[in-house]
Amino acid sequence: MIGQDVKNYFCMLWKKCPVSDSFSGMEIFNQIKQIDGCEYFENIDLTRYTTFKLTSVGNLVEVKTVEALQKLLPLLTERQKKYLVVGWGANQILPAQCEELLIHLDFNFDSTYLESQRDEYILPSSLGINHLTSHAVKFGLKGWEVFTGIPASLGGAIYMNAGTNLGEIGKLIKKVQLVTPKGELREEIIHKESFAYRKNLFVRPGEVIVGATMIHSGVDESIPQKIKDYLEYRKKTQPLATKNCGCVFKNPLKDLPAGKLIDLLQLKGVGIGDLRISPKHGNFMENSGKASWDQFESLVGLINFEMDHFYGIEFELEVKIPYH
Ligand SMILES: Cc1cc2nc3c(=O)[nH]c(=O)nc-3n(C[C@H](O)[C@H](O)[C@H](O)COP(=O)(O)OP(=O)(O)OC[C@H]3O[C@@H](n4cnc5c(N)ncnc54)[C@H](O)[C@@H]3O)c2cc1C
C-alpha cells in the first residue's frame, strides 16, 4: 500500500512535466563546438556537477564568455533543445540519464577586483559566493553575513534567493544581467517584489543570469566575528562533510521547519540503499556512496506519505529537479 502511494506521488510529479525534445542528432553539437568560448562534452559522467553526487550521465557545455552564451542560447532555442544551467549544483538533483543539455558557466574573473573595498560590485554569475564571504570578513561589509556558509555560485544564489536566518541575498542585489533565449542581453533592476522565499520572480523561462551588481550597508566591525560564529553554528547543526543537496524540502510555514516535522515523525536516519535522512538534520539527505535518482524518489515519496498520513501536509521540494 505504501509502495503504491509512493509510486502514485511520483507519477503525479512527472505528469506535471512533459518532456518534448525535437533534438536532431549530431548536427547541433557540431555547431556548438564551433562557438568560440564553448566546450562541449558528450555523454559524460555528470556526478561531480552536483554536491549530492547522485550518479548521472549526459551532455554538458562549458561556457567561458557572455558572447559565447549569446550564440549558444539562440541555437538551442531554434532547435527546441532543452537546457538546464548548473552552478555549483548545491540545490539540484540530476536523473541517472539527463535528457537536457547542462550549461555550466565559467566566466573569467580577475580576483584582484576583490582586494579593495567598493560601494558597488559588478560580478560574474559563475563566481563562488565563498569569495564574497572572505571579502566581507576582510572589510566588515554589513549585510553580506546573510549568505555565510551557503555553497553556491552567485547566479545560483540569486536564482534561489539563497539565505539563512540572518537574511536573504536578494536584499543585496541592485541589478541583474541576463541572456535571453534569443541571445539578447537584458538588465533587470531589482525592487522590493523581485524576490520571495527561496525564489526569484524575474528570471523568465530560458534566461540565464550572467552577472549582477551587489551593494552593502556600509562597514560594521562586528561582521567578521558574526560570520565566524555563524560558520561554527552551521558546522554543529548541518552534516556539511557529507554529500548532500542542502534542504530537500521548503518549510511549509516560516515558523514550521520541514526538518523539525521529519524529526517528530522519527524519520531521521531512515534510509534506502546508499541514501539516508541525515541523523543530524531531518531536512538533509546524505549520499554515502552511489545513491541513485530512484532511491531519492523513494525516500521523498516515503516522507511525503508519512507527512500526509500524520499531519495532512505535503512538502514542496526546495531542491530543483529537471522539468519541475
Ligand atoms: C551543505 C549545503 C548547505 C546549504 N545551505 C543553504 C542555506 O543555508 N540557505 C540556502 O538558501 N540554501 C542552502 N543550500 C542550497 C544551495 O546552496 C543554494 O540553493 C544555492 O543558492 C545554490 O546555488 P548553486 O550555484 O549551487 O545553484 P544550482 O544548485 O546549480 O542551481 C539552482 C537553481 O538555479 C538555477 N541556476 C543556477 N545558476 C543559474 C544562472 N546563472 N542563471 C539562471 N539560473 C541558474 C539552476 O538551473 C537551478 O534551477 C545548501 C546546500 C548545501 C549542499
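Where a number appears in this text, it was derived from the coordinates with a stated rule and is not lab data. Owing to the predicted nature of the structure, the values given are computational and were not obtained by experimental measurement. Note: ideal-geometry Cβ built from the backbone for every residue, glycine included; neighbour counts use all protein chains shown.
Tabulated data
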| read-out | value |
| --- | --- |
| Karplus-derived HN-Hα couplings along the range 233-244 (A = 6.51, B = -1.76, C = 1.60, θ = phi - 60°), whole Hz, x at Gly and Pro | 4, 5, 4, 6, 9, 10, x, 5, 7, 9, 7, 8 |
| Alpha carbon centroid spacing (whole Å) that separates the range 198-265 from the range 59-132 | 20 |
| Placed amide H near ASN251: partners under 5 Å, 5+ positions off or other chain | ALA258 |
| Where only C-alpha atoms are counted, convex hull volume of the range 22-110 per residue in Å³ | 93 |
| By average C-beta atoms within 10 angstrom, highest first, the peptides 58-71, 161-174, 30-43 | 58-71, 161-174, 30-43 |
| The range 170-186-the range 273-324 distance, computed between alpha-carbon centres (Å) | 32 |
| For the chain, calculated [θ]222 nm from helices alone, where every DSSP H run of n ≥ 4 adds -39500 (n - 2.57) | -9000 deg cm²/dmol |
| Burial ranking of peptide ranges 266-277, 108-119 (average Cβ count within 10 Å, highest at the top) | 266-277, 108-119 |
| DSSP-loop chymotrypsin sites (Phe, Trp or Tyr not before Pro) across the range 171-246, with at most 13 other Cβ within 10 angstrom | TYR197 |
| Descending principal axes extents, the chain, alpha-carbon based, whole Å | 57, 56, 35 |
| Net dipole in debye of the chain [+1 Lys, Arg Cβ; -1 Asp, Glu Cβ; about Cα centre; nearest 20] | 480 |
| All Cα pairs of the range 79-209, percent lying beyond 18 Å | 56 |
| DSSP-assigned coil residues among GluC sites (Glu not before Pro) in the range 198-263, each with at most 14 further Cβ atoms within 10 Å | GLU221 |
| Which of CYS98, CYS245 has the fewest Cβ neighbours within 10 Å, and the rest in rising order | CYS98, CYS245 |
